[in-house]
Amino acid sequence: MAELPLKGVRVLDFTWVVAGPVATRILADQGAEVVKIERKVPPPIGSRKIGLQCDLHRDKLSVAINMSVARGVELARKLAAKSDLVMDNFSARVMRGWGMDYANLREVKPDIICISMSGLGHTGPRSNYVSYGPTLQALSGYTALMQERDGTPAGYGYSYADMGGGYTGALAALIALWHRNRTGEGQFVDLSQFEAVTSVIGPALLDISVNGREQPAPLYNSQEGPAAPHGVYKCAAMGDDDDRWIAIAVRSQAEWERFVTMAGNPAWAREAKFRTMYLRMRNRDKLDGHISRWTTQRSAEDAMEALQAAHVAAGVVSNGIDLCTRDPQLQSRGFWPALKTPTHDGVATQVTGIPFRLSAGSGAVRTIAPEVGENNDYVLGDLLGLSRAEREELIAAGAIWP
């Protein structure tokens, strides 16, 4: 294996939930030593050895420090003195309250880089607000953009904002490291996740600024121009799975004619109300009824292959099983690396892979996520040089958790 590009970089990781852990996971996959500060036993949101928790924290180290007591904060400051970056995604006031903000940490490490991934940034009238991904999606307009046909906001089924914030945080870390390599100077990075997710809303902002719309049109049939049929349609069951769907978009008269020919020239397709794109849009509900009756007689895969062979845009609406076990592209690229759990049966858990390839070395998923405090001995002993007796005394004093 080629040497990982961030080998030798140490990150002191105060992040939690999803957005911050995504950012530090990217750095860890590329070889950074990410030391995750765990403040207490986390709520029961899943095992660290499987699923999302393993995916977010693989390749990291965990040390359990009580940041509510002075001796715990002092341990964190000593670790910051041995780190290159300190990252958090709290609201703006938390790190200041601990004395772990950039101004204070520069006293122990003059070239430290501090990255604060707060919800709304460290300045402005709402800088102290607490936020989560769905909150930011509502503030930035995504929830309104995803609407039912009657205009009711539907929102997203997953916190897209967490991914946007996480990837932006990793990028900011690389830029700050590049700056320090050239100048020798650290810096404070004030990252607003609100601004990160707003910056990638794209076409809706253009619609407002160029077309003067006060309220962006819903994404239904508006993102890439008119189309009919256009939507997701239920398909035949696959074994016990009766929740199978296909996405179809017919965007021109030529595509419509190819669709009709592929479907066997049904009589309904020649009705006057479906003759042009305008008429198909006007009679969309009736058209969708016919399309649904056609798709429910076929598997999503068979329908997709038939439509694509006719040069009509169509694709299976993938679920988790599709992505993890059936998608031939992801399987070919080895996107689901397996990590062995530290149990006697050696059961493996799969996590998401690294979504890019570098010819000189693309990073690696190396270790399963640690349990809280699993690396106390290494972090407190090897990095800080505390003896076993000193660590036991800190446990007794409530500064660390065993």
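Sorted largest first by accessible area at a 1.4 angstrom probe radius, with every protein chain in place, the residues 362, 209 fall in the order 209, 362.
Ranking of 372, 379 by solvent-accessible surface, largest first: 372, 379 (1.4 Å probe, protein heavy atoms only, all chains present). Computed with every protein chain present, the accessible area of residue 205 is close to 80 Å² [probe 1.4 Å].
The relative contact order of segment 300-371, computed from alpha carbon pairs under 8 Å that lie at least 6 residues apart in sequence, is 18 percent. With 0.36 nm allotted per residue and the present C-alpha distance subtracted, the residue 106-residue 240 stretch has 42.3 nm of extension available.
The simple spin-label model puts a point 7 Å past each Cα toward its Cβ; for residue 310 and residue 47 those points are separated by 4.7 nm. About its Cα centre, the chain has a charge dipole of approximately 480 debye under the convention of +1 per Lys or Arg Cβ and -1 per Asp or Glu Cβ, with nothing else charged. Between residue 282 and residue 251, the FRET efficiency estimated from the beta carbon spacing at R0 = 22 angstrom works out to 0.85. Rolling a 1.4 angstrom probe over the chain with all protein chains present gives an accessible area of which 56% lies on carbon and sulfur atoms.
What is the helix-to-structure angle for 253-262, meaning the angle in degrees between its Cα long axis and the longest Cα principal axis of the chain, kept from 0 to 90 and rounded to the nearest 10? It works out to around 80 degrees.
Think of each Lys and Arg Cβ as +1 and each Asp and Glu Cβ as -1; about the Cα centre, that makes the dipole of segment 220-312 roughly 640 debye. Along the chain, the longest continuous region that contains none of the GluC sites (Glu not before Pro) in a DSSP loop with at most 13 other C-beta atoms within 10 Å is 225-402. Going through (i) 79, 54, 53; (ii) 97, 45, 33; (iii) 85, 55, 40, the figure that equals Cα extents along the principal axes in Å as computed for the structure here is (iii).
Provide the FRET efficiency to the nearest 0.05 for the residue 68-residue 326 pair, computing r from the beta carbons and using R0 = 45 Å. According to the calculation, E is roughly 0.40. Per-residue ellipticity at 222 nm computed for the chain from its helices equals -10000 deg cm²/dmol, with DSSP H segments shorter than 4 residues left out and the rest contributing -39,500 (n - 2.57). Residue 88 sits with roughly 10 Å² accessible to a 1.4 Å probe, with DNA, RNA and ligands left out of the calculation.
For the chain, the longest principal axis of the Cα atoms and the long axis of helix 70-81 meet at an angle of about 80 degrees. For segment 14-108, the relative contact order comes to 32 percent (Cα pairs under 8 Å, sequence separation of at least 6). Taking all protein chains together and rolling a 1.4 Å probe, residue 130 ends up with roughly 90 Å² accessible. Normalising the average separation of contacting C-alpha pairs (under 8 angstrom, six or more residues apart) by the number of residues puts the relative contact order of the chain at 21 percent. With all protein chains kept in place, the per residue accessible area of the chain amounts to 50 square angstrom at a probe of 1.4 angstrom.
The values are calculated or read from the model by the stated rules, or taken from the named source; none is laboratory data. No experiment lies behind these values; they were computed from the predicted model shown. When we count neighbours, we look across all protein chains shown, and the Cβ atoms used for this are built from the backbone with ideal geometry, even at glycine. Side chains included, ligands, DNA and RNA excluded: accessible areas come from the protein's heavy atoms. Shrake-Rupley method; radii C 1.70, N 1.55, O 1.52, S 1.80 Å.
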